[in-house]
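To start, the structure itself, in structure tokens.
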Amino acid sequence: MHTPNDTRTPVTVLGLGAMGRALAGAFLRAGHPTTVWNRTPGRAGELVAQGASLADTAAEAVAAAPLVVVCVLDYEAVHTILEPLGARLTGRVLVNLTSDTPQRARAAATWAAGHGIDYLDGSIMVPTPVIGKPEATILYSGAREAFETYEGTLKVLGGGASFLGEDHGTAAGYDLALLGFFFSAMAGLVHGFALAGAEGVAPKDFAPFTGTIAGILPPIAAGMAEDLARGAYSGDQDNLVMEATGIGHVLEAARHRGLNTEVLDAVKGLADRTIEAGHGNAGFISVIEEMRKPSPTA
């Protein structure tokens, strides 16, 4: 018989997209009895071959384990699947690893509380190949006791299982903030390839040098956090006027080569407005004052 603290706790995984299959596979490799279900048939074959039990219905899947993990496209899909199962989930722990907004995470928590469900909202911060590895980071917030009870089981999915507090929306807040950083950086990286290519630089020659830029970001982030904590935007090492000038040079070169400059135009606009507001001698973090305002086009 399995107990809640047993590392081989039975688990149910609802949703067998690429990430759902990765989650179920990690549980199976760690020896957890794993039941799986998906709205679209035909995705469980490999998991069943590894020992998973395929449920015919979501209700059957939920009944198979005290710990239920759902990972689907969005919270609308979560609602469609779970709304009819509220009573069947009572007394179980529900871990929702679907990416969506903090507001929807809190609404889901309210729904779960109304059905006597211990609810954890989580955010997966790594791609599918990293799931199940020590370096995989998954963030959780919500029911503290549920997290502490099943922490060992959840760490099967990734060694970096961090509990961020009892506000169910916190993990989603981290998730979207980090994704905003990620996608903005990705757009900048693609622009870098475009500009380098326009200057005759082969992608394979350019790529190794991106590590230099990426490597300086963690200490920059730490310094920005310190500035924000003390409410002062130091410009000791650089200042926004200097940085805006550098952005201008990039834009000039890109336009000369006929490239799209939408991304950097937005960055330059933020910098210019921040300088006009009197922060020209501050560091780049000072543009947060403009980012805290609604978008001009909103």
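Values quoted throughout were computed directly from the atomic coordinates according to the rules given, and no laboratory measurement underlies them. In this text, all values refer to a predicted model and were calculated from it rather than measured experimentally. Every residue, glycine among them, receives a Cβ derived from its backbone with ideal geometry; neighbour counts consider all protein chains shown.
What area, in nm² and to one decimal, does the C-alpha convex hull of the chain cast on average over all directions?
18.9
Which cross-chain or sequence-distant (5 or more) residues have an amide H under 5 Å from the amide H of R39, H modelled 1.01 Å from N in plane?
It is G15, L16, by chain and number.
Rank A109, H256, F181 by how far each Cα sits towards the positive end of the charge dipole of the chain (+1 on Lys, Arg Cβ; -1 on Asp, Glu Cβ) and give me just the farthest.
Towards the positive end, the residue furthest out is A109.
Amide H neighbours of V126 under 5 Å, counting only residues 5+ apart in sequence or on other chains, H built in-plane at 1.01 Å?
HN-HN under 5 Å from V126: T137.
I'd like the projected area of segment 1-101, averaged over all directions, using the convex hull of its alpha carbons. Report it in nm² with one decimal.
If I average the Cα hull's projected area over directions, I get 6.2 nm².
Please give every one of the lysines within straight-line cross-link reach of K155, meaning a C-alpha to C-alpha distance under 25 Å, and leave out same-chain neighbours fewer than 8 residues apart.
K155 reaches K133.
For the chain, what is the charge dipole size about the Cα centre, in debye to the nearest 20, if Lys and Arg each add +1 at the Cβ and Asp and Glu each add -1 at the Cβ?
740
Please identify the helices of the chain, taking whole runs of DSSP H, that span at least 27 Å along their own axis as judged from the Cα atoms and have a mean Kyte-Doolittle score of -1.0 or higher.
Helices meeting the criterion: 170-198, 203-230.
Mind running the shape call on segment 194-262? Use the C-alpha gyration tensor, a ≥ b ≥ c as the square roots of the eigenvalues: rounded below 1.5 for a/c, prolate if a/b tops b/c, oblate otherwise.
Oblate, because a/c is 1.5 or more while a/b does not exceed b/c.
Given segment 99-226, report the % of alpha carbon pairs whose separation exceeds 20 Å.
The share of Cα pairs beyond 20 Å in segment 99-226 comes to 59 percent.
Using Cα springs under 10 Å in a Gaussian network model of the chain, which residue among G31, G248, G132 shows the largest mean-square fluctuation?
G248
At q = 0.18 Å⁻¹, what is the base-10 log of I(q)/I(0) for segment 11-166 according to the Debye formula with one equal point scatterer per Cα and no solvent? Please give it to two decimals.
Per q value, in the given order, log10 I(q)/I(0) is -1.06.
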